[in-house]
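Trainee: One structure coming up, written as structure tokens, with questions to follow.
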Amino acid sequence: MLEAMAKPSSKKCRRTGCPIAFTLDVLGDRWTLLIIRDLTFMGKRYYGEFLDSGEGIATNVLADRLSRLESEGIVSKRVDPKDQKKYLYQLTNKGEDLLPVLLEVILWGATYDPKTAAPKAFIDRLKSDRAAVIKETLAQLRAKKPKESK
């Protein structure tokens, strides 16, 4: 009886070894990629900042996605040294490895969405020198990391 009441494992049983299926299991919902976007490009670090994003994520969904990203090793959470009541979120190295994927999604969306809000100069630069955009973005992300997490 107690075994039946035990909390199910947070790790999903994989049905196949397909890398696309695996990636979708980890990232395959709207909110997860938007949180990663906010961490990568918007400089957001606090729970409340994610809530203030224009898409209107619900608090329970945000808490779930942040927890899931943390358990997958994509995001880390630590107590804010300036305010012990708050947590700071940041991408791990594994999370930073998603940058090329995000940039491809941005390019695809900017190409096919006639109402894109992506700055034209950024899109043009991404098209002409993707490697430099990746290098600069990673340098900015890593400069914000505390020394012990590098």
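The values are calculated or read from the model by the stated rules, or taken from the named source; none is laboratory data. These numbers were taken from a predicted model, which means no experiment stands behind them. Positions of Cβ are backbone-derived with ideal geometry, glycine not excepted, and every protein chain shown enters the neighbour counts. Only protein heavy atoms, including side chains, enter the accessible area calculation; ligands, DNA and RNA are left aside. Shrake-Rupley method; radii C 1.70, N 1.55, O 1.52, S 1.80 Å.
Trainee: Let me have the relative contact order for the chain, percent, based on Cα pairs under 8 Å that are six or more residues apart.
Mentor: 16 percent
Trainee: Once you keep just the Cα pairs under 8 angstrom separated by 6 or more residues, what percentage relative contact order results for the stretch 65-150?
Mentor: 18 percent
Trainee: In addition: Averaged per residue, what accessible area in Å² does the stretch 62-150 show with a 1.4 Å probe, protein chains only?
Mentor: So the stretch 62-150 comes to 65 Å² accessible per residue, rounded to a whole number.
Trainee: What is the sum of charges around K86, taking Lys and Arg as +1, Asp and Glu as -1, for the other residues whose C-beta is under 15 Å from the C-beta of K86?
Mentor: +2
Trainee: Could I ask something else about it? What FRET efficiency, computed as 1/(1 + (r/R0)^6) with R0 = 25 Å and r the Cβ-Cβ distance, is obtained for E104 and T16, rounded to the nearest 0.05?
Mentor: My answer for the efficiency is 0.60.
Trainee: For D25, tell me the accessible area in Å² from a 1.4 Å probe, rounded to the nearest 10.
Mentor: Only protein atoms counted, so the area is about 60 Å².
Trainee: If you don't mind, another one. Take the solvent-accessible surface of the protein heavy atoms, probe 1.4 Å, and return the percent of it on the stretch 23-150 that carbon and sulfur atoms account for.
Mentor: Using a 1.4 Å probe with all protein chains present, the stretch 23-150 comes out at 56 percent carbon and sulfur.
Trainee: Could you work out which residue, out of G28, G56, G17, moves most in a Gaussian network model of the chain, that is, has the largest mean-square fluctuation with Cα springs under 10 Å?
Mentor: Most flexible of the set in this elastic network: G17.
Trainee: Can you give me the solvent accessible area of K86 with a 1.4 Å probe, rounded to the nearest 10 Å²?
Mentor: 100 Å²
Trainee: Pairs to check: K115/K135; K94/K127; K85/K144; K115/K145; K44/K135. Give those whose C-alpha atoms are more than 30 Å from each other in this structure.
Mentor: Pairs exceeding the cut-off: K115/K145.
Trainee: When all protein chains stay in place, what accessible area (Å², nearest 10, 1.4 Å probe) is found for S71?
Mentor: 70 Å²
Trainee: Out of these labelled values of P(r) over Cα pairs in 5 Å bins from 0, in percent, (i) 2, 8, 16, 19, 19, 17, 11, 6, 2, 1, 1, 0, 0; (ii) 2, 9, 16, 22, 23, 17, 9, 3, 0, 0; (iii) 2, 8, 14, 16, 14, 11, 9, 7, 7, 7, 4, 1, 0, which was calculated from the coordinates shown here?
Mentor: Among (i) 2, 8, 16, 19, 19, 17, 11, 6, 2, 1, 1, 0, 0; (ii) 2, 9, 16, 22, 23, 17, 9, 3, 0, 0; (iii) 2, 8, 14, 16, 14, 11, 9, 7, 7, 7, 4, 1, 0, the one calculated here is (i).
Trainee: Need the full-extension length gain, A143 to L51, defined as separation in residues times 0.36 nm minus the C-alpha distance. One decimal, nm.
Mentor: Difference between extended and current length: 30.7 nm.
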